[in-house]
1. Skipping prolines and chain starts, which residues have an amide H placed within reach, meaning under 5 Å, of the one on N99, given they are 5 or more residues away or on another chain?
2. Provide the per residue accessible area, probe 1.4 Å, for region 4-81, rounded to a whole number of square angstrom.
3. Using all Cα-Cα distances in region 16-81, what percent lands in each 10 angstrom bin from 0 up to the longest?
4. From the phi angles alone, apply the Karplus equation (6.51, -1.76, 1.60; θ = phi - 60°) to region 126-132 and give each ³J(HN,Hα) in whole Hz, x where the residue is Gly or Pro.
5. How charged is the neighbourhood of K83? Take every other residue with its Cβ under 15 Å from the Cβ of K83, and add Lys/Arg as +1 and Asp/Glu as -1.
6. How would you rank 109-115, 81-87, highest first, on the average number of other Cβ atoms within 10 Å across their residues?
7. Give me P(r) over region 97-167, computed from all C-alpha to C-alpha distances, binned every 10 Å, as integer percentages.
8. What list of ³J(HN,Hα) values in whole Hz, one per residue of region 51-58 in order, does the Karplus curve 6.51 cos²θ - 1.76 cosθ + 1.60 (θ = phi - 60°) give from phi, with Gly and Pro shown as x?
Amino acid sequence: DAADLLNDLVGDIITGVMVFREYNQQYRSGNIPLIMMSPIQKMCLSHIMLSLTKWLEIHKKYHSLFSSETVGVCRHLNKVIRKRGIPDFRNVCIGHIWNKNTQGPLLHSDIMSRLETIANGSLSEFLIWLNNPEGNNYPNSVVSIILKIRDDIVSGYNIQPFEIINR
């Protein structure tokens with residue numbers, strides 16, 4: 001189960017990042033208008049935020065299967081995800097229109113401010129932190145961390161690829 005969930009999570013993060021990058025390049029080249037890029041960005045970033053909060057849940061439920069080598073890296077990753085406000089973004093912004101604190105609609109400016117905090121000022125660096133297309137070297141990207149844990153579990157329990165893919 002853990003290997004399957006981690007495998008899906010890697011695919012979700014890579015897909016969210018790569019779709020965003022591809023469409024962003026199309027937008028910068030003038031091939032798609034801003035009015036289309038805005039919802040694509042929203043879709044991709046929402047998908048990524050959901051995936052990162054799933055990581056927290058996977059870690060909570062399955063961390064006993066993770067190698068001792070990854071304990072510190074996982075704790076640090078969880079701390080960064082929470083510090084950036086990703087669970088709060090999921091709980092407040094994704095799937096909602098109403099800000100409970102202000103008793104008014106969620107404003108685009110509030111959502112963008114939260115995304116700025118999550119991206120720590122640089123969306124491109126945030127995307128590289130998630131999935132570095134130049135190389136996901138452990139522990140320098142979220143994808144590399146999840147791949148290491150998944151691969152350790154697969155190896156440790158002698159899980160065959162078909163046992164993950166054909167579930």
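The values are calculated or read from the model by the stated rules, or taken from the named source; none is laboratory data. No experiment lies behind these values; they were computed from the predicted model shown. No Cβ is skipped: glycine too gets one built from the backbone with ideal geometry, and neighbour counts run over all protein chains shown. Quick note on the areas: whole protein, heavy atoms, side chains included, nothing else; ligands and nucleic acids left out. Shrake-Rupley method; radii C 1.70, N 1.55, O 1.52, S 1.80 Å.
1. Distant-sequence amide H within range of N99: G104, L106.
2. About 56 Å² of surface per residue is accessible.
3. In whole percents, the pair-distance histogram is 19, 35, 22, 17, 6.
4. Karplus-based 3J(HN,Hα) across region 126-132 equals 4, 5, 5, 4, 6, 8, 8 Hz.
5. Numbers: positive: R75, K79, R82, R84, R90, R114; negative: D88, E116.
Neighbour charge sum, excluding K83 itself: +4.
6. Peptide ranking by packing, descending: 81-87, 109-115.
7. Over region 97-167, the share of Cα pairs per 10 Å bin runs 17, 26, 24, 21, 11, 1 percent.
8. 5, 5, 6, 5, 4, 4, 5, 4
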